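Peer 1: Got a structure here, written out as structure tokens. Questions coming.
The values are calculated or read from the model by the stated rules, or taken from the named source; none is laboratory data. The structure displayed is predicted, hence computed values, not measured ones. Here the Cβ positions follow ideal geometry from the backbone for every residue, glycine too, while neighbour counts run over all protein chains shown. These accessible areas exclude ligands, DNA and RNA; they are computed on the full protein's heavy atoms, side chains included. Shrake-Rupley method; radii C 1.70, N 1.55, O 1.52, S 1.80 Å.
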Amino acid sequence: KMYPASMTKVLTALLAIENLDMSEVITVGREINLKEFDASSAGLHVGEQMTNEDLLRALLIPSGNDAAYTMAVQVARKATSDPSLSIEEALDYFYEMMNKRAKEIGANNSNFVNPHGYHDENHYSTAYDQYIIAREAMKHEIFRDIVKTRAYSTEESGSADGEDSIKRVDHQWYNRNLMLNKNNKYYYELASGIKTGYTSASGYCLVSSASDGNLSIIAVVMNAPTDEARWNDSKNLLKYGIENFEYQT
């Protein structure tokens with residue numbers, strides 16, 4: 001039993017992909033004001049508009065807690081077919097969805113009480129459960145594409161499907177996964193994601209992935225004592241998996 005920190009956002013993303021139309025334009029609401037003052041942010045503004053796909057990027061690339069709240073509200077209102085749900089009602093419903101979906105896929109030793117992983121004694125998971133959740137999310141191409149993205153600007157979204165009239169705010173987001181950064185000493189050429197996490201209670205966390213074109217693997221490190229240990233342990237696990245797997249004929 002450990003605290004997953006922002007690795008929680010993998011499950012939030014999975015529910016979004018499974019329940020939302022990624023091309024739909026949404027309006028960011030007051031739920032972003034719930035973001036904790038010292039939490040990571042995507043810099044969203046109340047009233048700005050974006051596609052669910054860009055909101056998913058805001059959740060996963062800069063690890064925005066503001067994006068997590070907005071995503072949770074969007075998913076709950078869509079799942080209940082009730083756009084009038086209050087923010088509080090929507091969030092409570094989303095937490096029920098998180099726990100139900102986790103159990104459905106076999107993540108049986110976790111409990112989620114928020115969409116982002118900010119520390120709560122009742123918000124916990126295990127390395128195995130985090131692997132199970134990540135494996136499920138990696139089945140989706142849009143998720144795989146986003147979690148391996150090093151940097152993204154919302155200007156890249158263009159003005160398709162009438163988006164030229166939406167209240168867009170330009171954002172530039174950078175991935176916190178240093179294994180994706182060619183200029184960083186922790187870079188790993190086969191790395192393909194997935195999600196970092198850190199709080200003082202959780203320690204340094206990372207659910208990571210790598211692929212050599214034939215084999216794709218996932219590794220989970222939780223409660224690493226230092227940032228350096230998180231990257232070194234994850235890279236060693238991924239390299240070991242890739243280099244020592246024996247293909248069945």
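Peer 1: Along the range 227-235, what does the Karplus equation 6.51 cos²θ - 1.76 cosθ + 1.60 (θ = phi - 60°) give for ³J(HN,Hα), rounded to whole Hz, x for Gly and Pro?
Peer 2: Ordered by residue, 3J(HN,Hα) equals 4, 4, 5, 4, 6, 5, 5, 5, 5 Hz.
Peer 1: Near the amide H of H171, under 5 Å away, which other amide H atoms are found, from residues 5 or more places off or on another chain, if H is placed in the peptide plane?
Peer 2: Here T154, E155 satisfy the definition.
Peer 1: Keeping the other protein chains in place, figure out the carbon and sulfur percent of the accessible area of the range 80-139, with a 1.4 Å probe.
Peer 2: Of all accessible area on the range 80-139, carbon and sulfur atoms account for 46 percent.
Peer 1: Calculate the dipole size of the range 123-249 relative to its Cα centre from +1 charges on Lys and Arg beta carbons and -1 charges on Asp and Glu beta carbons; express the result in debye to the nearest 20.
Peer 2: The dipole of the range 123-249 has a size of about 340 debye.
Peer 1: Further question: Protein chains only, probe 1.4 Å: how do V207, V220 rank by accessible area, largest first?
Peer 2: V220, V207
Peer 1: Say R0 is 30 Å: what FRET efficiency, to the nearest 0.05, do T226 and T149 get from their beta-carbon distance?
Peer 2: Efficiency for this residue pair is about 0.70.
Peer 1: What whole-number value in Å² describes the accessible area per residue of the chain for a 1.4 Å probe?
Peer 2: On a per-residue basis, the chain sits at 47 Å².
Peer 1: With just the Cα atoms defining each centre, how far is the range 76-105 from the range 47-66? Give it in Å.
Peer 2: A separation of 18 Å, based on Cα centres.
Peer 1: Right, here's the next one. If you add up the charges near T80, with Lys and Arg at +1 and Asp and Glu at -1, over every other residue whose beta carbon is less than 14 angstrom from its beta carbon, what do you get?
Peer 2: Result for the neighbourhood of T80: -2.
Peer 1: OK, next. Under a Cβ-Cβ cut-off of 10 Å, what is the net charge of the residues other than G197 that fall near it, where Lys and Arg count +1 and Asp and Glu count -1?
Peer 2: Residues near G197 contribute +4 overall.
Peer 1: Now for a separate question. Connecting C-alpha atoms closer than 10 Å in a GNM of the chain, tell me which of G117, G43, G106 has the biggest fluctuation.
Peer 2: Checking each option, the largest mean-square fluctuation is seen for G106.
Peer 1: Further, regarding this structure: Can you give the helix-only mean residue ellipticity at 222 nm for the chain, where every DSSP H stretch with n ≥ 4 adds -39500 (n - 2.57) and the sum goes over all residues, rounded to the nearest 500 deg cm²/dmol?
Peer 2: My calculation for the chain gives -11500 deg cm²/dmol from helical runs alone.
Peer 1: So for E136, E121, what's the accessible-area order with a 1.4 Å probe, most first?
Peer 2: Accessible-area ranking of E136, E121, largest first: E121, E136.
Peer 1: Please identify, among A72, A127, A151, the residue showing maximal mean-square fluctuation in a Gaussian network model of the chain using a 10 angstrom Cα cutoff.
Peer 2: A151
Peer 1: Which residues in the range 177-191 place their backbone N less than 20 Å from a point set 7 Å from the Cα of N236 along the Cα-to-Cβ direction?
Peer 2: Within reach of a label on N236, which here means backbone N under 20 Å from a point 7 Å along Cα→Cβ, the range 177-191 contributes 178-180, 185-191.
Peer 1: Can you give the accessible area of V25 in Å² (nearest 10), computed on protein heavy atoms with a 1.4 Å probe?
Peer 2: It works out to around 50 Å².
Peer 1: With no solvent and one point per C-alpha, what does the Debye sum give as log10 I(q)/I(0) for the range 1-151 at q = 0.17, 0.18, 0.20 Å⁻¹?
Peer 2: -0.91, -1.04, -1.32
Peer 1: Given the options N109, N99, N184, which has the most mean-square fluctuation in a GNM of the chain, springs set between C-alpha atoms less than 10 angstrom apart?
Peer 2: Result: N184 has the largest fluctuation of those listed.
Peer 1: How large is the convex hull of the C-alpha atoms of the range 102-142 per residue, in Å³?
Peer 2: Taking the convex hull of the Cα positions in the range 102-142, it is 78 Å³ per residue.
Peer 1: Cβ under 9 Å from S63's Cβ, S63 left aside: what net charge do those residues give with Lys, Arg +1 and Asp, Glu -1?
Peer 2: Net charge in that neighbourhood comes out at +3.
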